[in-house]
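To start, the structure under review is shown below, and the notes come after it.
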Amino acid sequence: MAVLRGRVKRRGGKLLEAELELDSSCRIVRAVISGDFFAYPPTAVDDIEQGLRGCKSAVCIRGVVHEAAQRSTFLGVTPSDIEELLVSLWRRCAGSKGST
């Protein structure tokens, strides 16, 4: 298992952090998304974290974030910000395995 962490500062100084726990095939086992932003409904971040379990491709990650964004509003970060950070973390694992 690998645990990958990342953080980015967004416009306006908002912080976005993510942690992905991945198995040996780069499948997401656990995801944690945090930072100084707001999400409505309050379960939006939980929905993304839950939906990411089992993802093992950038397409899957983008799909989960996109689906949640259709039902949610984010203040301080955009769904694209979240997607970019998650995909970049996942690619660290996938790139080391020779797949993207």
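If you go through segment 70-83 and keep only what is part of a helix (DSSP H, G or I) and surrounded by 18 or more Cβ atoms within 10 Å (Cβ to Cβ), you end up with P79, D81, I82, E83. G54 falls short on exactly one of the conditions (1) of a type in the set (G, A, S); (2) touching a residue at least 12 places away in the same chain (Cβ under 8 Å); (3) within 23 Å of L15 (Cβ to Cβ), and that condition is (3). Checking every residue in segment 21-44 against the condition of being within 13 Å of the chain's Cα centre (by Cα) and touching a residue at least 60 places away in the same chain (Cβ under 8 Å) gives at least one match. Of all residue pairs spaced 6 or more apart or on separate chains, those with beta-carbon atoms under 6 Å, a first member in segment 62-86 that is more than 14 Å from A18 (Cα to Cα) and a second member that is aromatic (F, W, Y) and surrounded by 15 or more Cβ atoms within 10 Å (Cβ to Cβ) are G76/F37. Per the listing V29, V45, V87, the residue uniquely on the phi < 0 side of the Ramachandran plot, at pLDDT 95 or above and part of a strand (DSSP E or B) is V29.
The values are calculated or read from the model by the stated rules, or taken from the named source; none is laboratory data. All of these numbers come straight from a predicted model, not from anything done at the bench. Ideal geometry is used to build each Cβ from the backbone, glycine not excepted, and the neighbour counts take in all protein chains shown.
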